[in-house]
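Read-outs: derived from the displayed coordinates by stated rules, not from any lab. The shown structure was predicted, so the numbers you read here are calculated from the model rather than taken from an experiment. Note that each Cβ is placed from the backbone with ideal geometry, even for glycine, and that neighbours are counted across all protein chains shown.
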Amino acid sequence: EAEIQQFVASTPKSKSLQDEAAQYLPGGSSRGTAYFAPYPTFVDHAKGHYVYDVDGNRYLDFMINATTHIMGHAHPEIVEVLQEQAERGNSFSGPTEAQVRLAKNLCERVPSLETVRFTNSGTEGTMMAIRGARAFTGKHKIAKFEGGYHGSHEYVSVSVRPAAEDLGPDATIPVPEHPGQPPSITEDVITLPYNDLATSERIIREHGDELACVIMEVVSSSFGYLEGDEDFLRGMRAVTEELGIVLIFDEVQSFRVSPGGAQEMFGVIPDMTTFGKIIGGGMPVGAWGGRRDIMALFDPSEGAPLAHAGTFNANPMTMVAGEVVMNHLTPDVYERMNALGETLRAKLRAVFDELEVPAQVTGVASLFGIHFTDKEIVDYRSALSSDGDMTKALFTGLLNEGILIQTGGAGALNTLTTDEEVDALVDGYKAGGARGVR
Ligand code: PLP
């Protein structure tokens, strides 16, 4: 309560904007995940490490628009190419050279990527990858993991945040995420338990004849960037390959862990991959790609049984900004950023130990997740044991210390991050984040 009062006292302009906004936009905005109670801070601008709100407060940003801004905010090189492109026209029906360069860059660095297509969001990327898998296999069911988020379209909006009481003992109960979804959706979507190879494999085998694809993350964003066990990942690859099921790795977030994404880091190669976030330099973006024979279904010169339309696909602003990012991300840059991630996770663990707060710190490379529980985090079920009130207190406490993380207690570093920002987050936790959770 005291934290909320402090927040409200320092954000009067945001409060009045929120009151006005709520008249025209349900909840005051068009964003779901960036909302927090009592209202989100309205952003004035952002630069480098920091976001500045309309009340003049400055926040050290580990939210970086859901892991997107891997070079920090408004990087001069990105600003320059965007300005140049704006002068030359900001969207065309025809393709551009920049699109070819970005596609080539991605195909050269991602082990499984033979060809790729761009969309405007990760949501569209996963939707198109699933459509491709269905057409290619001639089968219609899809499998996803309980707790897995792959965007907001219908077929992945199943068991995204199922309540504990909705989870069956063998994890086979798919739960529609939204009121009004057709009940038939749960006939076409099968849910699996993450990091549980035996159960997942059994369920996949039961439905093998009808399953077009399994969509999954190698590093699970919604459980605090928890990685899949080696045996689990290899087992998923083996069983899908054996049964002719397309394995889709959703790397919308995890692509930032290494030059070739999580598939390269963990050495497991899917049939298809989806992308988003960092590959557009902060502009709206998504992509999907993979095996040439599957992607050929989208090739108009081959008769294209599958249409992929979209007025803004491969927008030139997005392509030029994405190209700057991908050129910037050389192996040494990942090495430095990922080492800092390791340092941050170790320091956070030490603080929780020191303060005797029961907490788990998860994450890979430049990603971190905080869970207030004494249970080891291995899957969605164990992540559910985290204390939601403590997570909220952490978020608001850090906000009052001028630090922004994701509302769920996770965050990401960027290429500008140094030990100074890592220590600021740790100190911020000691000072403010801990107030509500001690
Ligand atoms: N897949 C994953 C793993 C994501 O984290 C997200 C977004 O957070 C998406 C897909 C959807 O991407 P977008 O928000 O660009 O539609």
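Cβ neighbours within 10 Å, averaged per peptide: list 237-249, 40-52 in order, most packed at the top.
237-249, 40-52
On a full-extension model of 0.36 nm per residue, what is the gain between GLU108 and ALA350, subtracting their alpha-carbon distance, rounded to one decimal in nm?
Between GLU108 and ALA350, full extension yields 83.2 nm more.
Say the dipole of the chain comes from +1 at the beta carbon of Lys and Arg and -1 at that of Asp and Glu; which of VAL175, TYR194, PHE223 then lies farthest toward its positive end?
Of the candidates, VAL175 comes out farthest on the positive side.
Take the Cα gyration tensor of the chain, multiply each eigenvalue by 5, square-root it, and list the three semi-axes largest first, rounded to whole angstrom.
With the √(5λ) rule applied to the chain, the semi-axes are 33, 27, 21 Å.
What list of ³J(HN,Hα) couplings, whole Hz, do you get for the range 296-306 from phi and the Karplus terms 6.51, -1.76, 1.60, once you set θ to phi - 60° and write x for glycine and proline?
Those phi angles translate into 4, 4, 9, 8, x, 6, 9, x, 5, x, 10 Hz.
Give me a comma-separated list of calculated 3J(HN,Hα) values for the range 387-400, in order, Karplus coefficients 6.51, -1.76, 1.60 applied at θ = phi - 60°, integers in Hz, x for any Gly or Pro.
6, x, 5, 5, 5, 5, 4, 4, 4, 5, x, 5, 4, 5
I'd like the FRET efficiency for GLU80 and LEU25, computed as 1/(1 + (r/R0)^6) with the beta carbon distance as r and R0 of 41 Å, rounded to 0.05.
0.80
Might you report the magnitude of the Cβ-based charge dipole of the range 209-270 about its Cα centre, with Lys and Arg at +1 and Asp and Glu at -1, to the nearest 20 debye?
Dipole about the Cα centre, nearest 20: 220 debye.
So which aspartates and glutamates pass the test for LYS347, namely a Cα distance under 16 Å, with those fewer than 8 places away in the same chain ruled out?
The qualifying aspartates and glutamates are GLU356, ASP419, GLU420, GLU421, ASP423, ASP427.
Sort out for me the Cα centre separation of the range 333-398 from the range 94-141, rounded to whole Å.
33
Under a 5 Å amide H to amide H cut-off, with H placed in plane at 1.01 Å, what residues pair with VAL378 once short-range neighbours are removed?
ALA383
Could you pull out every residue, at least 5 positions away or on a different chain, whose amide H is within less than 5 Å of the one on ILE403? Hs are placed 1.01 Å off N in the peptide plane, and Pro or chain starts have none.
Amide H to amide H, under 5 Å and 5 or more residues apart or across chains, ILE403 pairs with LEU60.
Taking amide H positions as placed 1.01 Å from N in the peptide plane, with prolines and chain starts having none, which residues 5 or more places from ALA46, or on another chain, fall under 5 Å of its amide H?
When sequence neighbours closer than 5 places are left aside, the close amide H contacts are TYR52.
State, as an integer percentage, the relative contact order of the chain based on alpha-carbon contacts under 8 Å between residues 6 or more apart.
Once normalised by length, the contact order is 20 percent.
From Cα pairs below 8 angstrom and at least 6 apart in sequence, can you work out the relative contact order of the range 76-328, rounded to a whole percent?
Relative contact order of the range 76-328: 30 percent.
Filter the cross-link list LYS141/LYS392; LYS144/LYS430; LYS277/LYS392 down to pairs whose alpha-carbon distance in this structure exceeds 27 Å.
Over 27 Å Cα-Cα: LYS141/LYS392; LYS144/LYS430.
How high is the relative contact order of the range 220-308, given as a whole-number percent (alpha carbon pairs under 8 Å, six or more residues apart)?
Value for the range 220-308: 19 percent.
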